[in-house]
Amino acid sequence: MSDRLQELAVFVRAAESGSFSKAARELGLSQPSVSRIIGELEARLGIKLLLRTTRRITVTDAGALFLTRAREVLADIEDAEDAARGVDSLRGTLRVTMPIMYGARNIIPRLPRFLATHPLLRVELSVVDERQDLVAEGTDVAIRLGPLNDSSFGARKLATLPRLLVAAPSYLATRGMPKTPADLASHDCIFGPGLFGRNTWSFSRNGAETSVDVRGRICADSGPGVFACVLAGLGIAVTSPIMAGPEIKTGALLPLLKSYKLSPVDVHAVFPGGRRPSTKVRALVDFLAEELR
């Protein structure tokens, strides 16, 4: 039975990652071992589950059906083990991905309390602003800001972030303080993750909506990049009070147009499609939902 469970685990990671070598690294096996296990599984079933090319592994139609059931079996076993141990004895590895600035300032500082409750649990963090392929990367849960693009994923809303504009005093000293959203048209605006290609910023005030076309010479692909640019006096950026709070408190950044409101951004925990969230994932998400509420 243990050999069959290993077959399922190896098959699932090879199918999800599209790579025998990646599955081997994650499972602590050699690549020939992974290839052998998949070959023996296919021979025993008498069907082709995976198609191998020089660049990628793809799943056959029969393999896709088997993948769904294999995930369910592995999830049921993990849930049964967690139930037997109790929620306070969770163990294993929890793979989590999150945006850089939001993760560093609002998620990671809360993890000590979560891990103190679950001393046998290990967490692997991927702290990046680029949205990864959660299934291929073997991610258990992702913390994401903004609209969700893939409706096939499970998700739970954790919080709503207000947004605001900020600039460095050095920038405002040379370019002046904008008084209305229309003034932004003559300023340098900094575009960051989620804002690439969005040249129109919308505001509300007393129930009235207004939009302005903005421009700028700086685009950064990460939150820290945006912060470095705005602190250097290169322009005006969109952020949130949570992420810019320390800099606003010290005066390194100044909030702008405070009587005008940008639309808020929702924070979600996202689970890879096709999987039921494990007990470990549910424990972390319940904890964050309570913390961020």
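Counting only residues that are in a loop (DSSP other than H, G, I, E, B) and either at pLDDT 95 or above or not aliphatic (A, V, I, L, M) (or both), region 183-233 holds 14 of them. Residue pairs whose Cβ atoms lie under 7 Å apart, sitting 6 or more positions apart in sequence or on different chains, and linking a residue in region 117-138 that is in contact (Cβ under 8 Å) with a residue 40 or more places away in the chain and more than 21 Å from V10 (Cα to Cα) to a partner that is in a strand (DSSP E or B) and of a type in the set (G, A, S), are L121/G92. Contact map, region 93-116: first residue surrounded by fewer than 15 Cβ atoms within 10 Å (Cβ to Cβ), second residue outside any strand (DSSP E or B) and of a type outside the set (A, V, I, L, M, F, W, C), Cβ cut-off under 6 Å, separation 6 or more or different chains; pairs are R110/E291. Considering region 3-27, and only residues there that are surrounded by fewer than 19 Cβ atoms within 10 Å (Cβ to Cβ) and without any contact (Cβ under 8 Å) to a residue 24 or more places away in the chain, the residue that is nearest to L67 (Cα to Cα) turns out to be R4. Taken over region 139-183, the residue count meeting the criterion of being free of Cβ contacts under 8 Å to residues at least 60 places away in the same chain and either touching a helix residue (DSSP H, G or I) at 6+ places or on another chain (Cβ under 9 Å) or open to solvent by less than 30 Å² (accessible area, probe 1.4 Å) (or both) is 2.
Among the residues making up region 261-293, those that are open to solvent by less than 20 Å² (accessible area, probe 1.4 Å) and of a type in the set (V, I, T) are V267, V270, V281, V285. Any chance region 252-260 includes a residue that's open to solvent by less than 30 Å² (accessible area, probe 1.4 Å), of a type outside the set (K, R) and either within 25 Å of the chain's Cα centre (by Cα) or at pLDDT below 95 (or both)? There is no residue in region 252-260 that is open to solvent by less than 30 Å² (accessible area, probe 1.4 Å), of a type outside the set (K, R) and either within 25 Å of the chain's Cα centre (by Cα) or at pLDDT below 95 (or both).
The values are calculated or read from the model by the stated rules, or taken from the named source; none is laboratory data. Treat the numbers as computed from the prediction; the structure is a model and nothing was measured. Note that we place each Cβ from the backbone using ideal geometry, even for glycine, and neighbour counts take in every protein chain shown. With ligands, DNA and RNA removed, areas are computed over all heavy atoms of the protein, side chains included. Shrake-Rupley method; radii C 1.70, N 1.55, O 1.52, S 1.80 Å.
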